Structures are given as C-alpha cells and as structure tokens.
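Peer 1: Please find one structure pasted underneath; my questions will follow.
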Amino acid sequence: MNGAGMNDATPPRPDVRKTYKLYVGGKFPRTESGRSYEPAGCAGVQVCRGSRKDLRDAVVAARKGLEDWSGRTGYNRGQILYRLAEMLETRKDALAAEIVAASRIGDEAAVREVEASVDLCCWWAGVPDKLNALLGSQNDVNGPFFVFSTVEPTGVIGVIAPESPSLLGLLALVLPLLAGGNAVVALVSEGRPLAGLAFGEVCASSDVPAGAVNLLSGLRSELSPQFASHRDVDGLLIAGAPDAAIGQAAADSVKRVRFAPLSQADWSDGARVRRLDWVEPFVECKTLWHPVAW
Amino acid sequence: MTQHREREKSTAPPRPALSFGQKWRYAPAPEATDFVAIAPRHELFIAGDWSAPRSGRYFPTIEPATETPLSEVALGDEHDVDRAVAAARAALPAWSALPAEHRARYLYRIARVLLERAREFAVLETRDGGKPIRESRDVDVPLAAQHFFHHAGWADKLELAFAGRAVQPVGVVGQVIPWNFPLLMAAWKLAPALACGNTVVLKPAETTPLTALRLCEIFRDAELPPGVVNVVTGDGSTGAALVRHLGVDKVAFTGSTAVGKSIQTALAGSGKGLTLELGGKAAHVVFEDAAIDGAVEGVVRGIFFNQGHVCCAGSRLLVQEPIAELFVEKLRHRIERIRVGDPLDKNTDLGAINSKEQLARITALVTRGVDEGGTLVQSSCALPNKGFWFPPSFFTGVSQTDSVVREEIFGPVLTIQTFRTPDEAVEKANNTSYGLSAGIWTDKGARILWMAARLKAGVVWNNTFNRFDPGAPFGGFKESGFGREGGRQGLAAYAKCTGGLVQG
C-alpha cells in the first residue's frame, strides 16, 4: 500500500492462529474450568481441558438440540448430513493439515482420512429417510388389528472417539447416531484433538441445529466416568474394548451401551463402519396397535 | 374452575346406576382339574433328563387361591447352574450346525403338541399362579404355542431377517423369567433363542415353576436334542448364579427394574449380550371424544387383566377433565361387577394374587397411597377366606409425586389423574423413569398419531389395550429396559452379526 511491503527488512507476517475451543449448543465456549492441556500429539498447542461441568452443560444443550433434530423429517436430516459432507470436502486441506499437525502422519494419509470421512458422511446422508423402511415393520398379528413398528431416536448419546484416526473415528461414531435422530455429546481424541474440534466449525456451517452435536476436548480418564454416570445421557457409544467401570456406572439409568473395538485400519473399512447395526442400538422400536373396525 | 364445574354437575339429576338385581347371578362353572396330575416332586431338567439338585433341597410351590401345596420343586444352586450351562455348551455345536429347516421342525413340533395339551397347561398355570382360567386358556397358552409356531418359521429364514449381514448364534443363553406369565414368558424367551440356533438355560420364577417344567415333557416328546433347553428351578440366588455364570454368552431377563440394573452392572465390561424387559407404569390417556364405554372396558382390561400383575399394565389413567367425573362414576360401577374369586371358575374375572409377598407389597403401597392423601375406591366384593386376594381398586385425588402414581404396584390398583390439553397429557404420561407401554383413547386418527409419536413407550395401544402377538415387537424405552421380543426386531437379541458393535 505504501510500499512498505516491498521493503526487504519487513519481518514475515505473523499468522493468525486458531484457538481450539469446545463446541456446545452451537457456540464455541472455552471450558468453564479455565484449564487447558497440551495434547500428546500437538506440541505447542493448548486446547481446553473440559470438565464435568462442561459435560453437564453440553448435555443440557443436547437435550434442546434433540428436540429440534429429532423433530426434523428424515429427508431434512439427510440433506443436512449431505451438507456436512460438502463442508468437509471444501475444508479438506485445512482438516488434513490439522490431522497432520496432531498426528504427525503423512500429508497423503491425512487427505485420505478426510476423504474417507466425506465418503462416510455421504453414505449416512442417505439413511435417515429410510430408517423405518429398513428397521421398522408392519406386523401381521392374529386378530383384527393394524400393527406397525417405527423407530425413534434413543435421545442424548455420549460418544468417546478413538485416539486415531481422530477425524474419521469421530465421524464413524457420530454419523450413525445423527442419522438415527439422536443428539450427541462427543469427547474428541485426547492426544490428537484438533481435527475433531474443527468438526464443530463444519457443523456450525452446515445447518446442524444448535445442540445436536456437541464436542468436548479433555482427558478421557477424567470425563468417561462422568459420561457413564450422567443420568440424562441415554446411551454411550465408545471406541475401544468393553470397560467394566463405564458399564457399571451406566447401569444405574439403564443406558444403552456399545463399544467399538476397532483397529486403526478398521475405521476406514466400509464393511465395519457402514452398518445398520451401528444405529440399531440407539433407536427405540415403538409398536402401535389399532383395531380395524367400522 | 373444577369446583365450579362440579357445582354445575351436582344440580343435574343423579345418573341411575346399572342394576341387574339378583337375576343375573352366575352359577359356578369350575374347570375340571382331575385330568391334570401333578407329581409330588419336580427335579431339574438338565441335558434332556431329570436330575436331583446337588444340595438335595426342595421348596414347595403352592396354589395361591387356596394356599395348598401343589408339589415340591428342586432348589438349584450354582453347582446345578454349572451343570446346566455345561449341558447347553455341549449341545451348542450340533444344534447350531443343524440344517435350519430341521431346527424349525422341532419348534413346529413343540407348538403343535402344546396346543394338543392346551387345557392341561391352562389348568396347571391357573393352579400354580392364580390367574383366571379364562385368561390362561384364551391368552397364555394359545399365545405360547403361537410363539413357537411363529419362530419356527424364522429358523430357516434368518438370512432374510438380517438382509446383507452374516449372522450366527450368540451361544449359550441364560434366561430368567417372572411369575406373571410363567409359560408365555418361557415361550417368548425360548422360541427366538432356539430359532437362531442358541442353546438355553432357563430359570423359571420361584412361585410358578410348574408349566415350564411340564414344557420339558414336550421337549422330550418332540425329541429336542438333550441339552438344547435346560431348566433350573430355584429362588433369586439361582437366577443370580445363572446370569453371572462365566459360561453364559448372553442373558435375557424379564422382571423388576432393580434386578435388571443389578444384572446390567454384573455384566458390565464382559462384552456379553443382554436384553432387559423391566417394569412399567403405563399411562392410559382417555380424551373427551373417546367412545366412553369402550374406553371404560379398555381401562378395566388394562389394569385388572391378570390381577394387574402385568409389566405393561395401564396403571395410570389420565382422563380429560370434561369427562372425568362421568368416567370415574362409570368405573366405580364397573369394578363392582368384576367377579373376583376361584381362578378355576370360567366366569372369574380377577383371580388370586400370586403370592403372600406380592399381596403384602400391594397392601403396603395402597396403605401409603391413603396415607399420602389419595382417595381409595374399592369394589365391595366378598373375598375368599383362604388364599391371597385384593379387590379391584382405584385412587382418585392423587398427584404426580404420590407413591402410588410413581411406583409400580403390580396389582389391581389404578390411579386416576386428569388433564386439559394433549400437551399436558404427554407431559404427565412421560413423567416417569419407565417407558414400556401406553394407551390412547380418542376418535381422532390424527390425534392418535400425534400422541403416539410423543409418548415415550415401546408399545402404544390405541383404542385397545394389552394386546400381544409374536409378530409384534414388545419392549421398553428408558428404564423399562432394552431389546425387543417378537417380530423381526426380536430376533436381533439372539443373533450375532459378525463385525458389529460389542455390548457393554
């Protein structure tokens, strides 16, 4: 502008760095605890160390988000999931860079992870308007009754994402729940949280209703018992092998609990993650009876 | 507002009560029992044969209508459970490898013979459990047979039920069933498990073991391979030993929410399958436009069927204000005409309470309801001197926080509340930790669908109540449990999809 840029002595432009915050109720708050931690995979980056109170706030937000999200038609939910895929695609490079920054994996592998996430999103986008065709039924009974069974979302589901792949693993758990009409509170990868937290930005620009997706970062060991014992969380979908302590705490409110014991490679295996039995435990089958008479 | 309306009503001439005088007395119509012999002692059924419990201990099972002992039954302990699980494990490879069509054939045989012996099972069920013969004859036994027949047809069509997914049996299944529908619950649990190629250890309820044991005679006659079904009788400790046994791959439980939670806790982290069908406190919502006499009959059927010993009983009536007074009056007259007494009499509507313990529980809760300020209305019917009895009852003047409104009574006791708007009805109906069933009575189709979509319950009966069918999935939302029984959805509880999620 004034020729200063031409001056060789001008120092390089300091870039504007992103603060990675939580995503709760459609907003990006810092943790109420004021704590942060440096994730194992991301030297020099501080992210929120979410607290029990953050989780409780997120569940309140999710309960509100559930009302909106579950009240949409399947067609509308499908369109929004497709919009998520569009937004992921356009942010592919940025997300890949965030995966690279956190995971120290190669650029190509990171791009492949984002692409697999986009593809998975497209697959699930086609599910919400077919849930009842696939999981519901009209039932033949021994009498003059019209009887049919529909599926409805279980409610607010807690998710604990795998350490890696940090973005694809998170999406593999969250997407079936959203397709089923549930609201989600997810704890992103503890050691590699950047891409998972950036997914909040994707949600915020994709017409996902506020509260339908909530993302926390923090220590798995600190927060997973809180997920398990929170009485307004209706179900848990957790990456890893079955965990007795989580299951015991969850029993007090008869939560639906599933574990996804997948290896790193499994998460990009369509045969493992594009499955109706990832949504089945988190929808409730409701059977309606009515007499047939005149 | 309400008081004002009541004043208006009180100026109207009193509605005459229905009276049939003395001309409509029912003559006794007892079902014959002489053709149903009951052995003085029952052993455990393990590996296709009867065997004594290792402890040598037995406990009596009595007829709740007369308090007379019917037989004594083996008290299985952990050693017996261990033997039964071993027998089921030994039978698993051959049974699961059997051509599916052959598995189906055994289930068809069981269904057919059960119908052949239907009256015998109905009499036995009524004597052991106290339910009216009309119900065991017309509901329990035919439905039990239908469950075997229905699932027989699934056995060789599993690849159609789980399109696109490879399924295999879960393995050895431990099943614990309650005392309210002893034979029917055995059928609900056994039929889908066997159809999917599993082997089973079944633990019947302590107070009602006889029909499940007699079912074993049918298994033998049907030449069901030994060990495919094993029955271990006993008390709560027997059931606890079964669900905690390391050799069991999956547990299916029907019973109280408290016990269900303890089982879920015990199985946490094991990766074993679990389905729970637990308690309920169903709302029965009656709108002002409902066909009122039909609704009265539905509400009566909803709460007094099987003495109210029904997890999905319509135990909370929510009636819209404009018709509340009329509805309560009609109910008051109607319960006077419920025939309470000898369960073996074919005219009996309400039989005996299943056990002394259950009667004490009902009495205690009803006493609490009165203490908390509820108005108790009971039939003036005479109750037999011997046996366990409770008259048809309902509470008015109760609110959402009262014990009788919140807790499952599991007896012939209804609570009545009112509402003004559909939103209020939904709010009140869902204000419970349970979510098993609900009822809606209205003439408006659109309102039924609007209400049904909002009620958090696994089964919603509209202008009807307490209907069951093996083709119709049944099971709860929230703390009423998870998993479904019946229909295509019910098969998922007994088939393992390779590569799927793991339950915890």
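The values are calculated or read from the model by the stated rules, or taken from the named source; none is laboratory data. None of these values were measured; they are calculated from a predicted model. Backbone-built Cβ (ideal geometry, glycine too); neighbour counts: all protein chains shown.
Peer 1: Only one of A:A241, A:A265, A:A245 is under 20 Å from the mean Cα position of the chain (by Cα) and within 12 Å of another protein chain (Cβ to nearest Cβ); which? Lay out the reasoning, then the answer.
Peer 2: Numbers: A:A265 fails: within 12 Å of another protein chain (Cβ to nearest Cβ); A:A245 fails: under 20 Å from the mean Cα position of the chain (by Cα).
When all the criteria are applied, what remains is A:A241.
Peer 1: Tally time: how many residues in the range A:62-79 are part of a helix (DSSP H, G or I) and more than 18 Å from A:L236 (Cβ to Cβ)?
Peer 2: Here is the first cut: in the range A:62-79, the residues part of a helix (DSSP H, G or I) are A:62-71, A:74-79.
Pick out the ones that are also more than 18 Å from A:L236 (Cβ to Cβ) and you get A:64, A:67-71, A:74-79.
Qualifying residue count, the range A:62-79: 12.
Peer 1: Sort out for me the strands (runs of 3 or more DSSP E) sitting completely within the range B:218-325 that have 1 or more residues that are buried (at least 24 other Cβ atoms within 10 Å of the Cβ) and more than 22 Å from the chain's Cα centre (by Cα). Spell out the reasoning first.
Peer 2: Values: elements: B:229-231, B:250-254, B:273-277, B:283-286, B:316-320.
Because the criterion is at least 1 residues that are buried (at least 24 other Cβ atoms within 10 Å of the Cβ) and more than 22 Å from the chain's Cα centre (by Cα), the strands (runs of 3 or more DSSP E) in the range B:218-325 that meet it are B:283-286, B:316-320.
Peer 1: Which one is farthest from the other protein chains (Cβ to nearest Cβ), of the residues in the range B:473-485 that are within 13 Å of B:A252 (Cα to Cα) and part of a strand (DSSP E or B)?
Peer 2: This residue is B:E485.
Peer 1: Report, by residue number, each residue of the range B:132-148 that is farther than 8 Å from B:P470 by Cβ and not β-branched (V, I, T).
Peer 2: B:P132, B:R134, B:E135, B:S136, B:R137, B:D138, B:D140, B:P142, B:A144, B:A145, B:F148
Peer 1: While we're here: Could you give me the residue pairs with C-beta distances under 6 Å whose first residue belongs to the range B:37-59 and is touching a residue at least 12 places away in the same chain (Cβ under 8 Å) and under 26 Å from B:A90 (Cβ atoms), whose second residue is in a strand (DSSP E or B) and of a type in the set (G, A, S) wherever it lies, and which are 6+ apart or on separate chains?
Peer 2: B:H42/B:S71; B:E43/B:S51; B:E43/B:A74; B:L44/B:S51; B:L44/B:A74; B:P53/B:A74
Peer 1: Would you mind stating whether B:E72 is surrounded by fewer than 18 Cβ atoms within 10 Å (Cβ to Cβ) and either assigned by TED's automatic domain parsing to the domain that holds B:A195 or not hydroxyl-bearing (S, T, Y) (or both)?
Peer 2: yes
Peer 1: Can you find, within the range A:104-154, the residue that is farthest from the other protein chains (Cβ to nearest Cβ) among those that are within 30 Å of B:F465 (Cα to Cα) and under 20 Å from the mean Cα position of the chain (by Cα)?
Peer 2: First, pick out the residues of the range A:104-154 that are within 30 Å of B:F465 (Cα to Cα): A:130-154.
Filter once more, keeping what is under 20 Å from the mean Cα position of the chain (by Cα): A:131, A:152-154.
Details: A:L131: 13, A:E152: 8, A:P153: 11, A:T154: 8 Å.
Once the filter is applied, the top-ranked residue is A:L131.
Peer 1: So, one more: Does B:G504 count as surrounded by fewer than 21 Cβ atoms within 10 Å (Cβ to Cβ), within 8 Å of chain A (Cβ to nearest Cβ) and farther than 27 Å from A:V141 by Cα?
Peer 2: Answer is no for this residue.
Peer 1: Still on this structure: Every residue in the range B:442-467 that is facing chain A (nearest Cβ under 9 Å) and either of a type in the set (K, R) or more than 27 Å from A:G235 (Cα to Cα) (or both), please.
Peer 2: Matches in the range B:442-467: B:G445, B:I448, B:K456, B:N462, B:N463, B:T464, B:F465, B:R467.
Peer 1: Looking for whichever is in a strand (DSSP E or B), modelled with pLDDT of 95 or more and within 20 Å of B:P132 (Cβ to Cβ) here; the options are B:L359, B:L376, B:L414. Which one fits?
Peer 2: Only one candidate qualifies: B:L414.
Peer 1: Next question. Inspect the range A:158-167 for any residue being in a strand (DSSP E or B), within 25 Å of A:L276 (Cβ to Cβ) and more than 13 Å from every other protein chain (Cβ to nearest Cβ) and give the result as yes or no. Outline the logic, then answer.
Peer 2: In the first step, residues of the range A:158-167 are kept if they are in a strand (DSSP E or B); the result is A:158-160.
Narrowing further to those that are within 25 Å of A:L276 (Cβ to Cβ): A:158-160.
Next cut, more than 13 Å from every other protein chain (Cβ to nearest Cβ) only: none.
No, the range A:158-167 contains no residue that is in a strand (DSSP E or B), within 25 Å of A:L276 (Cβ to Cβ) and more than 13 Å from every other protein chain (Cβ to nearest Cβ).
Peer 1: Which of (1) part of a loop (DSSP other than H, G, I, E, B); (2) more than 14 Å from chain A (Cβ to nearest Cβ); (3) crowded, with 23+ Cβ neighbours inside 10 Å is the odd one out, the single condition B:G435 does not satisfy?
Peer 2: With (1) part of a loop (DSSP other than H, G, I, E, B); (2) more than 14 Å from chain A (Cβ to nearest Cβ); (3) crowded, with 23+ Cβ neighbours inside 10 Å applied to B:G435, the lone miss is (2).
Peer 1: Evaluate the following for A:V233: is it within 24 Å of B:G164 (Cα to Cα) and within 17 Å of the chain's Cα centre (by Cα)?
Peer 2: no
Peer 1: Which condition number does A:S166 fail, the rest of (1) within 14 Å of A:S217 (Cα to Cα); (2) surrounded by fewer than 24 Cβ atoms within 10 Å (Cβ to Cβ) being met?
Peer 2: Failed condition: (2).
Peer 1: Could you list all residues from the range A:29-46 that are closer than 25 Å to A:S229 by Cα and not polar (S, T, N, Q)?
Peer 2: Restricting attention to the range A:29-46, the residues satisfying the condition of being closer than 25 Å to A:S229 by Cα are A:29-37.
Answer for the range A:29-46, where residues must be closer than 25 Å to A:S229 by Cα and not polar (S, T, N, Q): A:P29, A:R30, A:E32, A:G34, A:R35, A:Y37.
Table: residues versus (1) surrounded by 24 or more Cβ atoms within 10 Å (Cβ to Cβ); (2) aliphatic (A, V, I, L, M); (3) in the same structural domain as B:R83 (by TED's automatic domain parsing); (4) in contact with a Gly (Cβ under 7 Å, 6 or more places away or on another chain).
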site: B:D138; (1), (2), (3), (4): no, no, yes, no
site: B:H147; (1), (2), (3), (4): yes, no, yes, no
site: B:G153; (1), (2), (3), (4): no, no, yes, no
site: B:I177; (1), (2), (3), (4): yes, yes, yes, no
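Peer 1: Evaluate the following for B:F45: is it outside any loop (DSSP other than H, G, I, E, B), closer than 30 Å to B:D221 by Cα and at pLDDT 65 or above?
Peer 2: yes
Peer 1: Moving on to the next point. Being within 7 Å of another protein chain (Cβ to nearest Cβ) and assigned to a helix (DSSP H, G or I) is the requirement here; does B:R488 meet it?
Peer 2: Yes; evaluated as a whole, the condition is true for this residue.
Peer 1: Which of the strands (runs of 3 or more DSSP E) found entirely inside the range A:173-250 contain at least 3 residues meeting this: more than 23 Å from B:S433 (Cα to Cα)?
Peer 2: A:213-216
Peer 1: Something else: Test A:A109 against the criterion of being aliphatic (A, V, I, L, M) and free of Cβ contacts under 8 Å to residues at least 40 places away in the same chain, and give yes or no.
Peer 2: Yes; evaluated as a whole, the condition is true for this residue.
Peer 1: Pick from the range A:24-49 the residues that are touching a residue at least 40 places away in the same chain (Cβ under 8 Å) and in a strand (DSSP E or B): which of them is nearest to the chain's Cα centre (by Cα)?
Peer 2: A:V24
Peer 1: Pairs needed: first member in the range A:223-238, more than 12 Å from chain B (Cβ to nearest Cβ); second member anywhere, among the β-branched types (V, I, T) and in a loop (DSSP other than H, G, I, E, B); C-beta distance under 8 Å; at least 6 residues apart or different chains.
Peer 2: From the range A:223-238, the pairs are A:F227/A:V233.
Peer 1: So how many residues does the range A:167-199 have that are within 9 Å of the chain's Cα centre (by Cα) and closer than 16 Å to A:M87 by Cβ?
Peer 2: Count: 7.
Peer 1: Given the criterion of a type in the set (G, A, S) and touching a Ser or Thr at 6+ places or on another chain (Cβ under 6 Å), identify the matching residue among B:G490, B:G486, B:G476, B:G435.
Peer 2: Result of the check over B:G490, B:G486, B:G476, B:G435: B:G435.
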